[in-house]
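Here the structure comes first, spelled out in structure tokens, and everything after it is commentary.
The values are calculated or read from the model by the stated rules, or taken from the named source; none is laboratory data. Just so it is clear, the structure is predicted and the values come from calculations on it, not from any experiment. These accessible areas exclude ligands, DNA and RNA; they are computed on the full protein's heavy atoms, side chains included. Shrake-Rupley method; radii C 1.70, N 1.55, O 1.52, S 1.80 Å.
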Amino acid sequence: QGLKPLVPTESPDPIFGTSKKPAPSLPATDPYLGTNKVPDLQKFFQISDGLPIHLKRGYPDKMLYRTTMALTIGGTIYCLIALFIASQPKNK
């Protein structure tokens, strides 16, 4: 009674099979698009220097890795302590 139907009552415009081409949303020469850095990064990450892929970019990667590991270990310890406390019977 007053609720809108979930299924649209009108069919949407067809996407495929139309003869007119949609206008491009961005011209190819927009200055904010920048250059493609992917090939350079691929070359950088494929260098065989013995470092794992998640530590290749230096100090920021090391800090993110160490923070993630510290939070993981801390969360595991917190969960174990909470489980231990929850398993103890309440005193009357």
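Structure summary
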| item | result |
| --- | --- |
| Whole-Hz couplings from phi, Karplus 6.51/-1.76/1.60, listed for region 53-67; x for Gly and Pro | 4, 7, 10, 5, 8, x, 4, x, 5, 5, 5, 4, 5, 5, 5 |
| Residue-span extension gain [residue 55 to residue 72] - 0.36 nm each, minus C-alpha spacing | 4.3 nm |
| Residue order for 90, 56, 62 - accessible surface, 1.4 angstrom probe, largest first | 90, 62, 56 |
